[in-house]
Amino acid sequence: MLSLDPFSQWLGIEVLSVEKGRCKVGMTIRKEMLNSMGKAHGGISYSLADTAFGFSANTHGKYAVSIETSINHIEALEEGDYITAEAVTDIVKTRVGFNVVEVKRGEEIVALFKGVVYRTSKDWE
């Protein structure tokens with residue numbers, strides 16, 4: 001999926017691990033990702049978490065699309081910080097999946113993301 005995702009590539013996201021129902025990705029905060037206060041724009045950690053969420057949701061073999069997401073920002077991020085996001089599918093129903101994503105700087109949780117996904121009937125090839 002990463003090879004088909006130019007936005008995640010532009011962010012510099014790398015896939016660290018992936019298995020059915022789980023995906024961990026990481027990236028480094030760059031200067032152009034900072035807001036007017038010199039901290040990482042909230043959309044950066046959101047985007048990393050959303051990528052982990054999307055990749056995890058699609059490990060079940062069906063095309064999956066986001067239908068609702070939210071994030072809580074806990075700690076500010078600085079240029080040079082390396083952050084990871086690990087998505088875990090908590091509940092898998094026939095068509096709907098619920099995911100929780102922890103965004104971390106080292107072992108410190110810096111954001112919590114929740115996502116609801118709809119799995120289509122279209123198979124990944």
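The values are calculated or read from the model by the stated rules, or taken from the named source; none is laboratory data. All values derive from a computational prediction rather than experimental measurement. Every residue, glycine among them, receives a Cβ derived from its backbone with ideal geometry; neighbour counts consider all protein chains shown.
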| The one condition in (1) within 12 Å of the chain's Cα centre (by Cα); (2) loosely packed, with under 15 Cβ neighbours inside 10 Å that K31 fails to fulfil | (1)
| task | May I ask you to verify whether V100 is aliphatic (A, V, I, L, M) and closer than 16 Å to E19 by Cα? | result | yes
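Name every residue in segment 86-98 that is more than 18 Å from M1 (Cα to Cα) and either surrounded by 17 or more Cβ atoms within 10 Å (Cβ to Cβ) or modelled with pLDDT of 95 or more (or both), in order of residue number.
G97 - this is the single residue of segment 86-98 that is more than 18 Å from M1 (Cα to Cα) and either surrounded by 17 or more Cβ atoms within 10 Å (Cβ to Cβ) or modelled with pLDDT of 95 or more (or both).
Only one residue in D81, D123 is touching a Gly at 6+ places or on another chain (Cβ under 7 Å) and acidic (D, E), so which one is that?
D123
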| In segment 39-58, which residues are outside any strand (DSSP E or B), under 19 Å from E78 (Cβ atoms) and touching a residue at least 24 places away in the same chain (Cβ under 8 Å)? | K39, G42, I44, S45, Y46, S47, L48, A49
| So which pairs qualify, if the first residue must be in segment 1-27 and free of Cβ contacts under 8 Å to residues at least 40 places away in the same chain and closer than 15 Å to Y82 by Cβ, the second must be buried (at least 16 other Cβ atoms within 10 Å of the Cβ) and β-branched (V, I, T), the Cβ gap must be under 7 Å, and the two must be at least 6 apart or on different chains? | I13/V25; I13/T51; E14/V25
| remark: Checking S56, S8 in turn, the sole residue that is buried (at least 18 other Cβ atoms within 10 Å of the Cβ), at pLDDT below 95, polar (S, T, N, Q) and touching a Cys at 6+ places or on another chain (Cβ under 6 Å) turns out to be S56
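Output the residues belonging to segment 74-93 that are assigned to a loop (DSSP other than H, G, I, E, B) and in contact (Cβ under 8 Å) with a residue 24 or more places away in the chain. Give the steps one after another, and end with the answer.
At the first step, the residues of segment 74-93 found to be assigned to a loop (DSSP other than H, G, I, E, B) are 74-81, 93.
Those that are assigned to a loop (DSSP other than H, G, I, E, B) and in contact (Cβ under 8 Å) with a residue 24 or more places away in the chain: I74, E75, A76, L77, E78, E79, G80, D81.
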| What number goes with the only condition from (1) touching a Ser or Thr at 6+ places or on another chain (Cβ under 8 Å); (2) outside any strand (DSSP E or B); (3) closer than 23 Å to M33 by Cβ that I71 does not pass? | (2)
| Is it fair to say I83 is surrounded by fewer than 17 Cβ atoms within 10 Å (Cβ to Cβ), within 15 Å of the chain's Cα centre (by Cα) and aliphatic (A, V, I, L, M)? | no
